[in-house]
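The structure under discussion appears below in the form of structure tokens.
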Amino acid sequence: MNQPALDMRDITVRFGGILALNQVSLSLRPGSVHALIGPNGAGKTTLVSVLSGERRPDGGSVVMNGRNIDGLNALRRARLGLTRTYQLTALFPRMTVRENLLLSLVACDRPGLGIADFFRWRDFDRHATEVDDFLERFALRDKAAVHPALLSHGDRRRLEIAMALASGPKILLLDEPLAGLSLADAEALVKMIETTIKGRIPILLIEHDMDAVFYLSDEITVMVNGTVLASGSPAMIKASAEVQAAYLSEEDDF
Ligand SMILES: Nc1ncnc2c1ncn2[C@@H]1O[C@H](COP(=O)(O)OP(=O)(O)OP(=O)(O)O)[C@@H](O)[C@H]1O
């Protein structure tokens with residue numbers, strides 16, 4: 001069997017007296033979409049912060065494509081291609097959509113490049129075709145010259161995911177990509193994730209939209225109170241009485 005893209009073993013995190021993660025283990029298989037679901041406060045975002053290197057766990061270890069990354073900070077993990085998107089979009093406000101995308105592509109080629117260097121060294125021509133391709137695939141062509149503040153929420157979210165993809169990730173951690181989107185925008189983004197990312201880059205997906213989770217995922221892990229309640233195929237999770245009782249029955253849209 002192929003080695004996991006990410007292998008988390010016994011991750012434990014405490015916030016004072018709160019045990020946010022209690023020996024959580026989870027494996028992300030190469031090329032798969034693995035959803036992490038559970039009620040508010042289950043520990044999903046804390047686990048993603050441990051993976052991205054923003055939070056040091058009190059116990060446990062993380063192996064990425066066979067390499068132990070426990071000692072690496074967030075920047076070094078990002079440079080290895082462990083790429084996180086956030087619940088709130090993080091874009092460069094003074095740059096246009098095209099420049100934001102270009103920055104991700106350029107940064108992928110030159111990992112040490114700072115923002116100031118980028119403004120001195122805009123290699124528009126070399127990446128023009130690639131930028132156009134991203135604009136097209138993420139339905140942003142007519143917004144290329146617009147600044148992020150003038151974009152709709154759906155446009156901003158698509159741009160952020162396009163930028164994550166343009167940076168050449170080996171693994172994507174998508175933290176509630178559909179949060180706050182209209183039904184139409186959410187459906188469009190699910191289709192884009194399916195056609196442009198799924199099967200190519202392994203994704204750990206945190207999402208409360210159960211239709212999207214069950215549509216996109218190859219595997220689902222359910223967390224409750226900082227522990228793993230169940231992990232398996234979407235069909236197994238849907239059929240689990242324990243999961244129904246603890247979580248899914250609470251979800252209006254399921
Ligand atoms: N910085 C912090 N300080 C103290 N407690 C925290 C902190 N961050 C998270 N917690 C607590 O840790 C637990 C797990 O929170 P976490 O945000 O990881 O859950 P979640 O599953 O991502 O929830 P949501 O779906 O609402 O985003 C909760 O009890 C939360 O209150």
Out of Met64, Met95, Met163, a Gaussian network model of the chain with alpha-carbon springs under 10 Å gives the largest mean-square fluctuation to Met95
If R0 is 25 Å, what FRET efficiency do you get for Asn40 and Glu194 from their C-beta distance, rounded to 0.05?
0.40
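Run the numbers for Glu242 and Asp132: contour at 0.36 nm per residue of separation, minus the present Cα-Cα distance, in nm. Intermediate results must be reported in sequence, preceding the final value.
On the way: separation 110, 0.36 × 110 = 39.60 nm, distance 4.73 nm.
Contour length minus the Cα-Cα distance gives 34.9 nm.
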Full-extension gain between Ala145 and Thr12, please, as 0.36 nm times their residue separation minus the C-alpha to C-alpha distance.
43.4 nm
Counting sequence-distant residues (5 or more places) and residues on other chains, those with an amide H built under 5 Å from that of Gly59 are Thr12
For the peptides 32-38, 226-232, 194-200, 9-15, what is the packing order when you average, over each peptide's residues, the other Cβ atoms within 10 Å and list the highest mean first?
32-38, 226-232, 9-15, 194-200
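Dividing the alpha-carbon radius of gyration of the chain by 2.2 N^0.38 Å (N being the number of residues), what value is obtained? Present the calculation step by step, with values, prior to reporting the outcome.
On the way: Rg = 18.4 Å, N = 254, 2.2 N^0.38 = 18.0 Å.
Taking the Cα Rg and dividing by 2.2 N^0.38 Å, one obtains 1.02.
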Give me the number: length gained by fully extending Ser25 to His153, i.e. 0.36 nm times residue separation minus the C-alpha to C-alpha distance, one decimal in nm.
42.7 nm
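Read-outs: derived from the displayed coordinates by stated rules, not from any lab. Since we're looking at a predicted model, the values are computed, not measured. All Cβ positions, glycine included, derive from the backbone under ideal geometry; neighbour counts span all protein chains shown.
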